[in-house]
1. Sort out which residues of the stretch 460-491 are open to solvent by 30 Å² or more (accessible area, probe 1.4 Å), closer than 17 Å to Ser450 by Cβ and more than 34 Å from the chain's Cα centre (by Cα), and write them in order of number.
2. Mind checking whether some residue in the stretch 378-399 is modelled with pLDDT of 95 or more and within 24 Å of Leu252 (Cβ to Cβ)?
3. Of the residues in the stretch 409-430, how many are small (Gly, Ala, Ser) and crowded, with 21+ Cβ neighbours inside 10 Å?
4. Just to be sure I understand the filter: pairs with C-beta atoms under 6 Å, separated by 6 or more residues or on different chains, first member in the stretch 167-185 and in contact (Cβ under 8 Å) with a residue 12 or more places away in the chain and farther than 14 Å from Pro300 by Cα, second member outside any loop (DSSP other than H, G, I, E, B) and not polar (S, T, N, Q). Which pairs pass?
5. Filter the stretch 249-300 for residues that are touching a Ser or Thr at 6+ places or on another chain (Cβ under 9 Å) and polar (S, T, N, Q); which is nearest to Asn179 (Cα to Cα)?
6. Name every residue in the stretch 2-43 that is part of a loop (DSSP other than H, G, I, E, B), touching a helix residue (DSSP H, G or I) at 6+ places or on another chain (Cβ under 9 Å) and surrounded by fewer than 19 Cβ atoms within 10 Å (Cβ to Cβ), in order of residue number.
7. Can you pull out the residues in the stretch 451-494 that are in contact with a helix residue (DSSP H, G or I) (Cβ under 9 Å, 6 or more places away or on another chain) and of a type in the set (Asp, Glu)?
8. Let me confirm something: among Val308, Val358, Val304, Val318, which residue is over 26 Å from Pro151 (Cβ atoms) and of a type in the set (A, V, I, L, M, F, W, C)?
Amino acid sequence: MAELRNIVLVLGDQLDFGSAAFERFDPQRDRVLMMEATGESTAVWSHKARTVLFLSAMRHFAAQLRQRGWEVDYRRWDEDPEAALCEVLAARLERDRPARLVMVEAGEWRVEQGIREVCRRQATPLDVRDDLHFMISRNAFADWAGKYRQPRMEFFYRMMRQRHDVLMEAGAPVGGRWNFDAENRSGFGRKGPGRVPAPVRFEPDDLTREVIGEVERYLPDHPGSTAAFDWPVTREQALAALDDFIAHRLELFGHHQDAMWTGEPWLWHARLSAAMNLKLLSPREVIEAAVAAWRCRGLPLQSVEGFVRQVAGWREFVRGMYWLDMPGLRLDNHYRHVRPLPRWYWTGDCGMNCMRAVVGQLLHYGYAHHIQRLMVTGQFALLAEVEPQQVEDWYLAVHVDAVEWVELPNVAGMTLYANGGRFTSKPYVASGAYIQRMSNYCDGCRYRPSVRTGEAACPVTVLYWHFLDRHEAEFAANPRTALMAKNLAKLAPAERAAIREQAARMLAQLDAL
């Protein structure tokens, strides 16, 4: 190679052949740098499958770059297991002395700040480019959000639909409505979901099996299993996963997107978030495929719109809010909760069927869909008064698709209301009756969702009423939660006292529930 011009840094969630970091790449003068670092799996106690996904996808991506004839400096984690990501970067810059380090925006504030500091100390010019994977830049989002005292996803979503001409006709939303969410909240009833088309599987190849062996060897005490690992780890596999979802599950995705059922981890969900968050798929092509299926095959608008809203709306919105509110978002604790995370969040060894089912599913697959995350594991952590930072670390650790830009605002903002409603209008809480209505988790459970006191009292129900009791004034003052406060006021003083006592006992022994 001629004198080294640029080192192009590619992080583990930037596996995008169309990345802005590769613009004007010269194979004769530039080099790609990719680094595995054990610390990125141990910063939080990461699920084994999450580490396998990132490392396998990174190694496949590096191999494909080399097939282009590009030089890739790929640093594997077993070269120096104790070295942190920024330590490795500093050593490479010191050794190679490039004219510039080029990268696109990182997916984590901590990592981006660390890289900036390394370059400052090494006096290496740093060229951070917009991540064109996303449909709106950080700056453009900040300009939009600056117009609102409280940014709301619904208004952002409408702007994005108009800006990108998605599901629009003559300047108006197709179907005459922006949002079909009200039609997308159906459970299954007693008969269950019936036959659900299984998603396409991707059997681990030799490279992935090598990574699985390394993870089992180097991280033997980490949570989760690799036995069921079948996630897409290449661009080609990700496209096959997208085709499979559009062909077989998108049609019924909307109607049952909030429903849950024991032994059915996927139902009609897309299973594309991991590939998208690694940048193996772009949001634009995912949206285009869904809209084309509606136009060409007549798929239900409620399903297609619901899917588009998750991608063009919520996903882009939380990314914008993450960068707008960091680093303070990580410290937010609106309710000042300080209890430790129950131990069974890591094992599933719990008397509540709902928690046992969802945590067990997570440990096996590294996956839970959005309602399982919001209204089962997340809601309980809120009602149990668990310290937000412990919950946030757990979410980042156990979900294979977790990258902090998407995980943290979802958990701190939506799930835990830790930022006090910065971009959500209410805390998302409900009694055990909601879980009973949307799933079969309550069948055979030792607790009964309708019972508020006594041995059979459901912890979700008890802690829900206790939460309302503690924050009655706040709920009464919010139009979206005022009805909850009115229902609380209907309870007799003696029953409210009994609920407080029951809740105190449960909160004192969360690990034993």
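1. Lys490
2. Filtering the stretch 378-399 for residues modelled with pLDDT of 95 or more gives 378-399.
Still in the running and within 24 Å of Leu252 (Cβ to Cβ): 399.
For the stretch 378-399, residues modelled with pLDDT of 95 or more and within 24 Å of Leu252 (Cβ to Cβ): present.
3. Selection size over the stretch 409-430: 3.
4. As it stands, the answer is Trp178/Arg158, since those pairs meet every condition given.
5. In this case the residue turns out to be Gln257.
6. Once the filter is applied, which keeps residues that are part of a loop (DSSP other than H, G, I, E, B), touching a helix residue (DSSP H, G or I) at 6+ places or on another chain (Cβ under 9 Å) and surrounded by fewer than 19 Cβ atoms within 10 Å (Cβ to Cβ), the stretch 2-43 yields Leu4, Phe17, Thr38, Ala43.
7. Asp469, Glu472, Glu474
8. On inspection, the qualifying residue turns out to be Val358.
The values are calculated or read from the model by the stated rules, or taken from the named source; none is laboratory data. Note that the structure is a prediction, hence the values are computed from the model and not measured. With ideal geometry, Cβ positions are generated from the backbone for all residues, glycine too; neighbour counts draw on all protein chains shown. We work out accessible area using only protein heavy atoms, side chains counted, and drop any ligands, DNA or RNA first. Shrake-Rupley method; radii C 1.70, N 1.55, O 1.52, S 1.80 Å.
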